[in-house]
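Working notes, beginning with the structure itself.
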Amino acid sequence: MEMTEGLVIIGAGQAGLQLAAELRARGYEEPIVLVGEEAVPPYQRPPLSKSFLTGETQAAALFLRPPGFYDSHRISLLTEERAVGIDRAARRIALASGRTLSFRKLALTTGAAARIPSLPGIDYPGVAALRTLADAESLRAHLQKASEVVVIGGGFIGLETAAAARKLGKSVTVLEALPRLLARVVAPIVSDFYAEAHRRRGIVVRTNVTVAALEGDASGIRAVRLADGTRLAADLVILGTGALPRTELAEALGLACQGGILVDRFARTSSSEIVAAGDCTVHRDLDDRMARLESVQNAIDQAKVAAATLLGWFEPFSAVPWFWSDQGDLKLQIAGYNGGYDRLVLRGDPATESFSVLYFRQEQLLAVDSINRPADYAAARRLLAARISVPPAEAADPSVPLKKWLANPG
Ligand SMILES: Cc1cc2nc3c(=O)[nH]c(=O)nc-3n(C[C@H](O)[C@H](O)[C@H](O)COP(=O)(O)OP(=O)(O)OC[C@H]3O[C@@H](n4cnc5c(N)ncnc54)[C@H](O)[C@@H]3O)c2cc1C
């Protein structure tokens, strides 16, 4: 058995790396082992559905830290090692390779896995999910050869990959089961804008459609069959059907899980000495709703909170959520969380492909979606962090900069 007096972090992704780096930056001296099942050191996932697919970004540019960082910060990075069991009483972790690790403190940053719908034909070659660099490399190779691409799912990853495929000159169809795109995250006006903008770029966008089966054989995918009997020819099917939190280890440990590992605002699980951060977690938001955020920002900010907790400093989670999605030349930036909004304010004209939507509840600014309007987004983040609202009627005038309402507009 390999002895580790310090911390073992399971999951070497955005949150796991951030946690390790933050602990070292704050003077944590004990050993840190970062265990990752992927073959490569921690990297950025966002480009995988964007510039990596189009070939504009190469794998080497994705790594979050240079190779020397791990040794120089005394972080033992184990790649291609999957944790398969944890004995809490014995403080021992079993790895799939047969190795074991012992720990004094434990953190779970296991992320999420692509949700694979149970459809006939889902295993045919040319049906691709996208979560890891290995997935993206395989998808990129398929995409180069493909001519008819069907994307199942009109969420962020579905639309980003659709835009990338279109940019490469492919014929692209997006199929969404719900009545509108991005339905869970943005207001209908933003959904409608995206449907139209992608159509203008030559993508076929279909909503309210149910996929019944994938047709093909062991040599590859040929078509997507819809519930109404329509058959769409396809030589590549991309699954943009969401992600599921990796809770298997937490559940085996008996930690409370509710569609993610439940954490409090100090990133503590139901067993207060085990912390968790990133896509694998859920937390209660300020309105007492369960929130599971899949974003780089959440992974980073929760990992920082987890680091403070492990150091005994207890700094509660208070970050304003932010997110971005680049779909070809359409740059969406989101600040805040729009849950429970009762009023929308539009700034600018969607027809110009540069506008923002402000979400309010009882005259209080909750969130902003900015499409190709980065100044609105930047101001909104600062307004939300300072808990400053803006008068909705005045904010509708796009010629008035939102930073006008900041105490110190800079
Ligand atoms: C294609 C794509 C595009 C995205 N685009 C954006 C974007 O534009 N903007 C944005 O904000 N966010 C985006 N995201 C989301 C963002 O990448 C995630 O929110 C972020 O990576 C979460 O970090 P994490 O550390 O929680 O999980 P991950 O980065 O998934 O890391 C978890 C790691 O843990 C490993 N692991 C799990 N279980 C075990 C185990 N038992 N043993 C060992 N290792 C284990 C996994 O293999 C994985 O490497 C995107 C995600 C994807 C997939």
Taking N as the number of residues in segment 116-241, what is its alpha-carbon radius of gyration divided by 2.2 N^0.38 Å?
-> 0.98
Amide H contacts under 5 Å for Val84, restricted to residues at least 5 apart in sequence or on another chain and with H modeled in the peptide plane, are Ala94, Leu95, Ala96
May I ask you to list the lysines whose Cα is less than 18 Å away from that of Lys304, ignoring any residue fewer than eight positions away on the same chain?
-> Lys105
Just how far, in whole angstrom, is segment 363-384 from segment 27-46 if you go by their alpha carbon centroids?
-> 33
Share, in percent, of DSSP beta bridges within the chain that are antiparallel, nearest 5 = 60
Return the aspartates and glutamates within reach of Lys331: Cα separation strictly under 13 angstrom, same-chain partners fewer than 8 residues apart disregarded; answer none if there are no such residues.
-> Glu160, Glu353, Asp369, Asp376
Could the peptides 310-316, 42-48, 299-305, 131-137 be put in order, highest first, of the mean number of other beta-carbon atoms found within 10 Å of their residues?
-> 299-305, 42-48, 131-137, 310-316
From the Cα gyration tensor of segment 329-405, with a ≥ b ≥ c the square roots of its eigenvalues, which class applies: rounded if a/c is under 1.5, or else prolate if a/b is larger than b/c, or else oblate?
-> rounded
Specify the residue with the greatest mean-square fluctuation among Ala277, Ala319, Ala234, computed from a Gaussian network of the chain linking alpha-carbon atoms under 10 Å apart.
-> Ala319
Using a 1.4 Å probe over the heavy atoms of the protein chains, calculate the carbon and sulfur portion of the accessible area of the chain as a whole percent.
-> 52
In square nanometres, what is one fourth of the surface area of the convex hull spanned by the alpha carbons of segment 80-170?
-> 8.4
Inter-label distance for Val400 and Glu273, nm, one decimal - labels placed 7 Å from Cα along Cα-to-Cβ | 5.6
Rg to Rh ratio, the chain, alpha-carbon atoms and Kirkwood radius?
-> 0.98
Sticking with the crude label model, points 7 Å out along Cα→Cβ, report the distance from Val40 to Ala385 in nm, one decimal please.
-> 3.1
Express in nm, to one decimal, how much length is gained between His73 and Thr230 on full extension, taking 0.36 nm for each residue of separation and deducting their alpha carbon distance.
-> 50.9 nm
Calculated P(r) tail over 14 Å for segment 203-242, as whole % of Cα pairs = 52
Using a 10 Å cut-off on Cβ atoms, rank the peptides 172-180, 236-244, 222-230 from the highest mean neighbour count down.
-> 236-244, 172-180, 222-230
Residue-wise HN-Hα coupling along segment 251-268, computed from phi with Karplus coefficients 6.51, -1.76, 1.60 (Hz; x: Gly, Pro) | 5, 5, 7, x, 6, 5, 10, 9, x, x, 6, 6, 10, 8, 6, 9, 6, 8
Segment Thr207-Asp288, extension gain: residue separation times 0.36 nm, minus the distance between their alpha carbons = 26.0 nm
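The values are calculated or read from the model by the stated rules, or taken from the named source; none is laboratory data. Here the structure is a predicted model, which means the values were calculated and not measured. Glycine gets a Cβ as well: all are built from the backbone with ideal geometry, and neighbour counts include every protein chain shown. These accessible areas exclude ligands, DNA and RNA; they are computed on the full protein's heavy atoms, side chains included. Shrake-Rupley method; radii C 1.70, N 1.55, O 1.52, S 1.80 Å.
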